[in-house]
1. Taking all pairs of distinct Cα atoms, average 1/r, flip it, and tell me the Kirkwood hydrodynamic radius of the chain in Å to one decimal place.
2. What's the exposure ranking of 73, 103, 187, going from fewest to most Cβ atoms within 10 Å?
3. Test of understanding: ordering 28, 265 by Cβ neighbours within 10 Å, fewest first, what list do you get?
4. Which value, in Å³ per residue, describes the convex hull spanned by the Cα atoms of region 109-170?
5. Starting from 0.36 nm per residue, how many nanometres of slack lie between residue 211 and residue 427 once their C-alpha separation is accounted for?
6. Taking R0 as 56 Å, what's the FRET efficiency between residue 278 and residue 199 from their Cβ-Cβ distance, rounded to 0.05?
7. Could you give the spread of the C-alpha atoms of region 286-381 along their three principal axes, from largest to smallest, in whole angstroms?
8. How large is the Kirkwood hydrodynamic radius of region 1-146, counting all unique pairs of alpha carbons, in Å?
């Protein structure tokens, strides 16, 4: 059996996602598909519009056979660590043959060439990154700048197509794809990377068209919510698959969404006004005096949007700030994240759902995997016990993330914590 791996968030699942699954299965000629999906909080630092079980249900009705959750300790980090965590999970199954991702480029070889440079970083690139970091740039920004300079200085190596390679580095899906390939190289994985050209609106587009971006769909949902309109209007029905519409409407009818970042405004502002400058520095990516900027902005702001606008600069982008704020909300400090990274990354394969073919995949994974399968949280973690392993510590953070996420449910009766102990994997027969 040939098995395809895909890495997603489905926030929410739209026509572009459906197309990605279909074209990925076609390109790989795979017999089955495993999806690695973020949980309650996502790579841009935002909360998911609906919980991971609702998103899993849509995926399993749209061509995916098995959904495994990416731990929150990797889902709310930069592209490098997000990719590292997701690839670690696919590799640990020991049954995945291909990974296929969407990219603006749609060609795999140039992405592989850049990934090889990053995976085996030349000395001149390392020096330029270090110099750029000292100016306050984030690591991704510093590395991108160093790569551009390296490519310009080595045009022969890039067949005099330096401009093409520089353009590749200006597109978010290309960059994420490069990180996937780099993680495959560094783990000496046998998984073959494939890419398909991303169709439709751009990653950040706010336009509602046939292949609208998830950002545009969320923006439309928020506008409808703020204006007390029907959430899934006729415009959204044109860009969302029927199953996605049905699941979203069911979640909204139960008042389990939609969840927006602003729902956590008071919680984040409370934490920031309480925390010290010194303790802020314990979180990942807070460098160059950013802790002072965050602290000052928390006093001047009355909302999360205002807070981010006050902190936002060319070096400290909105996405970077959102990730930092979410890590503070979840108490994901640098020391903890470093401990997970040194320990090899994700410590378990947590199953969110599967269908009949997914059940076969689970049997194969159980026989071959280097990580334990989790279908029932209570078998691997007891909240009354002190965590005594990386697995329990990492799992406790996933539980904490869901406990915090559920506080944003419009239905107050659903805000009770520890849903992880009551929720079973979604099974589609």
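1. Answer for the chain: a Kirkwood hydrodynamic radius of 22.3 Å.
2. On the way: 73 26, 103 23, 187 18.
Least crowded to most crowded, the residues run 187, 103, 73.
3. Result, fewest neighbours first: 265, 28.
4. Expressed per residue, the convex hull around the Cα atoms of region 109-170 is 75 Å³.
5. Details: separation 216, 0.36 × 216 = 77.76 nm, distance 2.85 nm.
Full extension of this stretch gives 74.9 nm more.
6. Working: r = 48 Å, r/R0 = 0.86.
Plugging the Cβ-Cβ distance into 1/(1 + (r/R0)^6) gives 0.70.
7. For region 286-381, the Cα spread along each principal axis is 54, 29, 27 Å.
8. Numbers: mean 1/r = 0.0599 Å⁻¹.
One over the average 1/r among Cα pairs gives 16.7 Å for region 1-146.
A short reminder: the numbers here are calculations on the coordinates, not readings from a lab. Keep in mind that this is a model prediction, so the values were computed, not measured. Glycine also receives a Cβ, built like all others from the backbone with ideal geometry; neighbour counts cover every protein chain displayed.
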